[in-house]
Amino acid sequence: MTTATAIANPNLAFIKYWGNRDNVLRLPMNGSISMNLDGLYTRTTVSFQPSLPFDELIINRHEVTGAGLDRVAYILDIIRGMANIHERAEVMTENNFPAGAGIASSASAFAALALAGSKAAGLDLSEPELSRLARRGSGSAARSIPSGFVEWQVGTTDEDSFAFSIAEPDHWKLVDCVAIVSASHKKTGSTEGHSIAPTSPLQAARVTDAPRRLELCRNAILNCDFDAFTSIVELDSDMMHSVMMTSTPALHYWKPTSLEVMNSVRTWRSEGIPVCYTMDAGANVHVICLDSEAHTVEKRLREIRGVTDVLVAVAGGAAKVVKNGD
Ligand code: DP6
């Protein structure tokens, strides 16, 4: 096989990955737990061609060179090494969600690349092998390989730092309502953020406490216990942002509207609506609720001034091959 196409969802972390103990291998300082986001996806076709002098990358019909291409070529080099082939590849990729929508595309992008690239090279990798390969491109991509609710175990080396499914998508009808908050400044990317995490005096405490939070979150998901889930998910998000705010240089992702949304979520909860928040490396707020409340929550979010849009996603499946062969 020389050509294959794969799709993968982005994912939302409930217990966050922040900081690496090895920045090259992307070995994390702590394990993390996430949910794949159904309906949003990256679709990637990899085609190894003997006539190509260099790897080529086309994202949403635009050719990309420089650092973006280098990051993709790094994964292709690993695949070529595993398959013992030397052809360069054309990589064509498309996201069905807009780049400015505040959903990080690196997780779905590197999961789809790992799957399509390895298939196109004639490899038939196991799920842990695919997760490890995706991890080398973007840490959170390790979690976009398995299905539904996913845990990325911290591991001790490259071999055992991979993600696996802890529950299928239909296990619990959680909905992520993403409140899009326009941010005027250019945000610091995750890769740089991970590298400065150890400069925060709070990071060591966050990492030491991670196994406890992972266990509480895993059990809350397995038992479909929304109250327990709320406590640990909001704590984990606030702890990561405390580290970000106390790093050198300091990273402040919260905007006034982000805070307004988080306060509203607490108010709605006191009124009896099961709902909680979590934030990643940006100003948008992921508001999580049960599907029975999703319509109400979406409507209320749209009424908050400064919220420019709301995306809604339920739990999604595993990364999958959609075409294999020329
Ligand atoms: C805040 O996986 O985007 O979303 O490995 O540098 O690509 P790189 O980082 P990335 O980091 C994700 C950070 C986060 C939390 C999370 O998804 O766990």
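The values are calculated or read from the model by the stated rules, or taken from the named source; none is laboratory data. What you are looking at is a predicted structure, and each value in this text was computed from that prediction instead of being measured. For neighbour counting, all protein chains shown are included, and Cβ atoms are generated from backbone atoms with ideal geometry for every residue, glycine included. When the accessible area is computed, the model is the full protein with side chains, heavy atoms only, and any ligands, DNA or RNA have been set aside. Shrake-Rupley method; radii C 1.70, N 1.55, O 1.52, S 1.80 Å.
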Keeping to the range 273-296, report how many residues are among the small types (Gly, Ala, Ser) and farther than 18 Å from Lys173 by Cβ.
-> 3
Please determine, by comparing only the residues of the range 127-162 that are assigned to a helix (DSSP H, G or I) and among the hydroxyl-bearing types (Ser, Thr, Tyr), which one is surrounded by the most Cβ atoms within 10 Å (Cβ to Cβ).
-> Ser144
Residue check: is Ile180 in contact with a helix residue (DSSP H, G or I) (Cβ under 6 Å, 6 or more places away or on another chain) and away from the ligand (no atom under 12 Å from the Cβ)?
-> no
When residues of the range 274-290 are limited to those that are of a type outside the set (A, V, I, L, M), in a loop (DSSP other than H, G, I, E, B) and within 14 Å of the ligand (Cβ to nearest atom), the one surrounded by the most Cβ atoms within 10 Å (Cβ to Cβ) = Asn284
Residues Glu303, Glu234, Glu271, Glu293: which one is open to solvent by 50 Å² or more (accessible area, probe 1.4 Å), among the acidic types (Asp, Glu) and within 28 Å of Leu216 (Cβ to Cβ)?
-> Glu271
Of the numbered conditions (1) within 19 Å of Met239 (Cβ to Cβ); (2) of a type in the set (Lys, Arg); (3) in contact (Cβ under 8 Å) with a residue 24 or more places away in the chain, Arg21 fails exactly one; give the number of that condition.
-> (3)
Would you confirm whether any residue within the range 252-265 is within 16 Å of the ligand (Cβ to nearest atom), part of a helix (DSSP H, G or I) and over 25 Å from Leu301 (Cα atoms)?
-> no
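Residue check: is Gly139 over 22 Å from His62 (Cα atoms) and away from the ligand (no atom under 14 Å from the Cβ)?
no
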Of all residues in the range 163-173, which are part of a helix (DSSP H, G or I) and either open to solvent by less than 50 Å² (accessible area, probe 1.4 Å) or of a type in the set (D, E, K, R) (or both)?
-> Pro169, Asp170
Which of the residues belonging to the range 237-250 are surrounded by 20 or more Cβ atoms within 10 Å (Cβ to Cβ) and not in a helix (DSSP H, G or I)?
-> Ser247
Among the candidates Lys320, Lys255, Lys299, residue that is over 22 Å from Ile33 (Cβ atoms), touching a residue at least 40 places away in the same chain (Cβ under 8 Å) and among the basic types (Lys, Arg) = Lys255
Among the residues of the range 95-126, write down those that are touching a residue at least 12 places away in the same chain (Cβ under 8 Å), away from the ligand (no atom under 16 Å from the Cβ), outside any helix (DSSP H, G or I) and open to solvent by 40 Å² or more (accessible area, probe 1.4 Å).
-> Asn96, Gly122
Is there a residue in the range 180-203 that is of a type in the set (S, T, N, Q), farther than 29 Å from Arg305 by Cβ and under 17 Å from the mean Cα position of the chain (by Cα)?
-> yes
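Taking the stated definitions as given, is Ala183 of a type in the set (A, V, I, L, M), in a loop (DSSP other than H, G, I, E, B) and either modelled with pLDDT under 95 or more than 21 Å from Val207 (Cα to Cα) (or both)? Talk me through it step by step, then tell me what you get.
Values: of a type in the set (A, V, I, L, M): yes; in a loop (DSSP other than H, G, I, E, B): yes; either modelled with pLDDT under 95 or more than 21 Å from Val207 (Cα to Cα) (or both): yes.
Yes: the conditions hold for Ala183.
Could you tell me which residue of the range 188-231 is nearest to the ligand (Cβ to nearest atom), considering only residues that are of a type in the set (Lys, Arg) and touching a strand residue (DSSP E or B) at 6+ places or on another chain (Cβ under 7 Å)? Full working, then the answer.
As a first pass, look at the range 188-231 and keep what is of a type in the set (Lys, Arg): 206, 212-213, 218.
Keeping just the survivors that are touching a strand residue (DSSP E or B) at 6+ places or on another chain (Cβ under 7 Å) gives 213, 218.
Working: Arg213: 12, Arg218: 15 Å.
The extreme case among them is Arg213.
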